[in-house]
1. Just give me the residues in the range 261-274 being within 16 Å of ligand 1 (Cβ to nearest atom) and either open to solvent by 40 Å² or more (accessible area, probe 1.4 Å) or of a type in the set (A, V, I, L, M, F, W, C) (or both), in sequence order.
2. Is it true that Pro375 is not hydrophobic (A, V, I, L, M, F, W, C) and not in a helix (DSSP H, G or I)?
3. Condition first: within 16 Å of ligand 1 (Cβ to nearest atom) and assigned to a loop (DSSP other than H, G, I, E, B). Now tell me which residues in the range 213-259 satisfy that.
4. What number of residues within the range 388-400 satisfy the criterion of being open to solvent by less than 50 Å² (accessible area, probe 1.4 Å) and not small (Gly, Ala, Ser)?
5. Which of the residues spanning the range 104-125 are free of Cβ contacts under 8 Å to residues at least 12 places away in the same chain and not β-branched (Val, Ile, Thr)?
6. Can you find a residue in the range 275-282 that is within 16 Å of ligand 1 (Cβ to nearest atom) and within 11 Å of the chain's Cα centre (by Cα)?
Amino acid sequence: MPVSPAYRPDPQFPSLGAEFADPVAAADFPATMLRFRNDRAAATVGLETLSDDEWTAHFGRFQPLPGNIDPPLALRYHGHQFRSYNPDLGDGRGFLFAQMREAGTDRLLDLGTKGSGQTPWSRSGDGRLTLKGGVREVLATAMLEALGVPTSRSFSLVETGEALQRGDEPSPTRSSVLVRLSHSHVRFGTFQRHAYFEAKDRVGALVDHVVANYYPDLAGANDRPAALLEAVCAKAARLTASWMAAGFVHGVLNTDNMNITGESFDYGPYRFLPQSDPNFTAAYFDQHGLYSFGRQPEAVFWNLQQLAGCLSLVTESDPLVEALNGFSPAYRRELMAAMLGRLGVKPRGDEEDAALVQVSFGAMAEGGERLRWEPFFFDWFGGREDRALTGPRADLYAGADFAAFRQRLATYEAERPERLAHPYFAQAEPEELLIDEIEAIWSDIAERDDWTAFHAKLARIEAARVAWGLS
Ligand code: AMP
Ligand code: MG
């Protein structure tokens, strides 16, 4: 079957012009083996009706979608990587493949690739993605979505039959091309590139493009760039808070990995925390822990400051500073909302909720090695002592370290308590996505081409998503 009537192509990015992207061609892969298709995501853009052959033609061989971008566009951007400016970035192994409207919301969504071949921005890179990298990103996005984190969704993973050389994987290693569905691929680094060249007109055009397509409510603002920064700060605060409640360490919070709608994307060396640990660092090459778990809010704020710097080309700095000052209080509010969401309880007011968040983090820290991140939220979901105090961690929770937390939580009412009736909450243990399990899933694929554990894991994460009801 071809696309469904719900497919509404609306390529908007090309109108920004030649300075924003380069037309490219996808690599001609020796094979295209469909490994994963996200039909739930596809249904939101009218593409779930494609047969597997049609799917592979579009998302493995990149035949253009009807009425969409042709040829694909490698996006131009710069960025700060670990705080040093790199003017040689850009889509080096990906491109923007299609833009269309989301059913129900009318949001403009992108299909973008990772591993689709070389571009003018590949530098010495091969333009490819390892299959393991693709598998890891599919798992990350599923888990993040289940935990209520605003994230890009993995749309398709096709294995491409090449042998790649990588320093961080036993090589040769298998290859893949990933397609992600995302609410824009405009990065902070997109603004940085045009600011770097002092192209005020292009920074202005990009502000207008972003406002028109992603923040239409700001179209009438007196100071559009400052209003946009304020809105991006609010979205970034929500995103960061949701990572902190999910126990997620992105690993590479460079400005080219942050988009302007506050969706996280581009998951390389990420980790989910085994247990509470502010110093936990995901990327082996992040020797100084710049992007460690506890420093993520600071990293995001630093990135927002760089975006503000770009916008200072097109407006006064006072309103930009004011917008930046909104990040901290917004982050605090969002952290409360995210933590209450994960605990499944109703808000009681700022002061009370802030205290609950504090004792929650305190209790998790006291739990140390004895308490993993996810079981804490699973055991206490809905604020119900009966589950926590009869479960496998009852002894720990009954102790003095948890007294302050238990006392506070007892004053809270469950939010949508009917969720506890989902069979997921009768499981002995919650769904987690820790490194050992990812490695085990990968080794089944690597050693025996056995995808059973991968698909079973995705099905269990999906059950958790439905049970939590956070996204
Ligand atoms: P990332 O770490 O995936 O965010 O990538 C940072 C930059 O390096 C981006 O400009 C990527 O396009 C580029 N890049 C990463 N890996 C490759 C590769 N294998 N080939 C070409 N470019 C790459
Ligand atoms: Mg990136």
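The values are calculated or read from the model by the stated rules, or taken from the named source; none is laboratory data. Being a predicted model, the structure only gives us computed values, none of them experimental. Please note: Cβ atoms are built from the backbone with ideal geometry, for glycine as well, and neighbour counts cover all protein chains shown. Side chains included, ligands, DNA and RNA excluded: accessible areas come from the protein's heavy atoms. Shrake-Rupley method; radii C 1.70, N 1.55, O 1.52, S 1.80 Å.
1. Phe265, Arg271
2. no
3. Across the range 213-259, the qualifying residues are His250, Gly251, Val252, Leu253, Asn254.
4. Total meeting the criteria: 3.
5. Matches in the range 104-125: Asp106, Ser124.
6. No, because not a single residue in the range 275-282 is within 16 Å of ligand 1 (Cβ to nearest atom) and within 11 Å of the chain's Cα centre (by Cα).
Residues checked against (1) more than 16 Å from Leu96 (Cα to Cα); (2) open to solvent by 10 Å² or more (accessible area, probe 1.4 Å):
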| site | (1), (2) |
| --- | --- |
| Thr190 | no, no |
| Arg193 | yes, yes |
| Tyr196 | yes, yes |
| Lys200 | yes, yes |
| Val207 | yes, no |
| Tyr214 | yes, yes |
| Ala219 | yes, yes |
| Asp223 | yes, yes |
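Results for (1) more than 15 Å from Ala25 (Cβ to Cβ); (2) small (Gly, Ala, Ser); (3) not assigned by TED's automatic domain parsing to the domain that holds Pro30, shown as yes or no for each residue.
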| site | (1), (2), (3) |
| --- | --- |
| Thr56 | yes, no, no |
| Arg61 | no, no, no |
| Pro66 | yes, no, no |
| Pro71 | no, no, no |
| Arg76 | yes, no, no |
| Gln81 | yes, no, no |
| Ser84 | yes, yes, no |
